[in-house]
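The values are calculated or read from the model by the stated rules, or taken from the named source; none is laboratory data. These numbers were taken from a predicted model, which means no experiment stands behind them. All Cβ positions, glycine included, derive from the backbone under ideal geometry; neighbour counts span all protein chains shown. Only protein heavy atoms, including side chains, enter the accessible area calculation; ligands, DNA and RNA are left aside. Shrake-Rupley method; radii C 1.70, N 1.55, O 1.52, S 1.80 Å.
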There are 2 protein chains.
Amino acid sequence: MLSGMPMRHQPDRTPDRVKDRPTWIVSRVFARSSALLAAAFEAHADGLRGYHYRLLAALEQWGAASQADLSRGTGIDRSDVTGGLTEMEGRGLVERRPDPEHKRRNIVTITEAGREALLRLDDIVDGVQAELLAPLSPAQRKQFIEMGRLVADRRA
Amino acid sequence: MLSGMPMRHQPDRTPDRVKDRPTWIVSRVFARSSALLAAAFEAHADGLRGYHYRLLAALEQWGAASQADLSRGTGIDRSDVTGGLTEMEGRGLVERRPDPEHKRRNIVTITEAGREALLRLDDIVDGVQAELLAPLSPAQRKQFIEMGRLVADRRA
DNA sequence: GACCAACATTGGTCCGGCCAACATTGGATG
DNA sequence: CATCCAATGTTGGCCGGACCAATGTTGGTC
């Protein structure tokens, strides 16, 4: 794929018609971003992954929510929300209790330990941002991000 | 993951600490790029995918090669090269014949039909580039690509 | 009371990147 | 020459992320 590409590929020999195309470059940027994130989470996040970070972030920002709300808010599939929450519940980062008014619904809240974990993850993720953008000047970083936003937000 | 994200997610509600991070934006750009490519290939590539395109491009540019060479040159795993070539051989886009000097080795060549297919795929892929970069001005496109190169090529 | 929609959960699918094992073959080294 | 090792092509599988389907339950509606 011009998008799905190897994580460890040396670009020394990539066909010209491939390696100069924006879609290819985008895929390589993404690969680098993913690799940095994976390494950082692996090293410091104690088993937590991006799913968990996004769920904690959503809970912190929007307060208690049902799992369905979390799914809609984060774009994570309902079933994956279930799994992620179960893992975090076991670590005491999150609490699930049935909604008294709608028995079928769970109300999910972030715990104090959850907030602390979120802050730790913030640091980890911030470090990756710095590493990723290291090759760019501060001015370039702003431009790069802004252009990325433009490209990404174009409604398909 | 801050990188692995849903393909169909509406960014209307994404936690702030997530949605403003470069890694997140990168992942969304990649998602858009992937979606455009997938749609274009699905619609016009008659079953061929990125793997095939990259293999054809390599063969066209560097001439006949062994499968191991193709793997090294394109970064595609040996086993996936085998699979991709088998599919293309069935369509007559590529020919495999044993190397007379090294019996264990296959010499792979692109056929005339393969070159034609490659040109068709070129057009498809070009269309995606235009679509992807549509939100940017020509000057911005150059900058965006150049910055992407810088970020991607940073040796991990 | 019957029907339908929402919810949480289980248990998958699919696809791309990757790895392991294998039989074969060639080259290198003793 | 015999032995060992490296390279090659192939098969088969693993893993992780996104996604989907079916289920049991519950609530609201008509």
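Figures for the structure shown
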read-out	value
Test: B:Asp77 is within 12 Å of DNA strand D (Cβ to nearest atom), of a type outside the set (S, T, N, Q) and at the interface with chain A (Cβ under 10 Å from one of its Cβ atoms)	yes
Qualifying residue in the stretch A:115-136 (condition: assigned to a loop (DSSP other than H, G, I, E, B), loosely packed, with under 12 Cβ neighbours inside 10 Å and not basic (Lys, Arg))	yes
B:Gly84 being within 14 Å of DNA strand C (Cβ to nearest atom) and in contact with a His (Cβ under 9 Å, 6 or more places away or on another chain)	yes
Residues satisfying the stated conditions in the stretch A:98-114, i.e. within 14 Å of DNA strand D (Cβ to nearest atom) and open to solvent by 70 Å² or more (accessible area, probe 1.4 Å)	A:Pro98, A:Pro100, A:Glu101, A:His102, A:Lys103, A:Arg104, A:Arg105
Pairs where the first residue, in the stretch A:88-107, is of a type in the set (Val, Ile, Thr) and the second is open to solvent by 100 Å² or more (accessible area, probe 1.4 Å), C-beta under 7 Å, 6+ apart	A:Ile107/A:Arg97
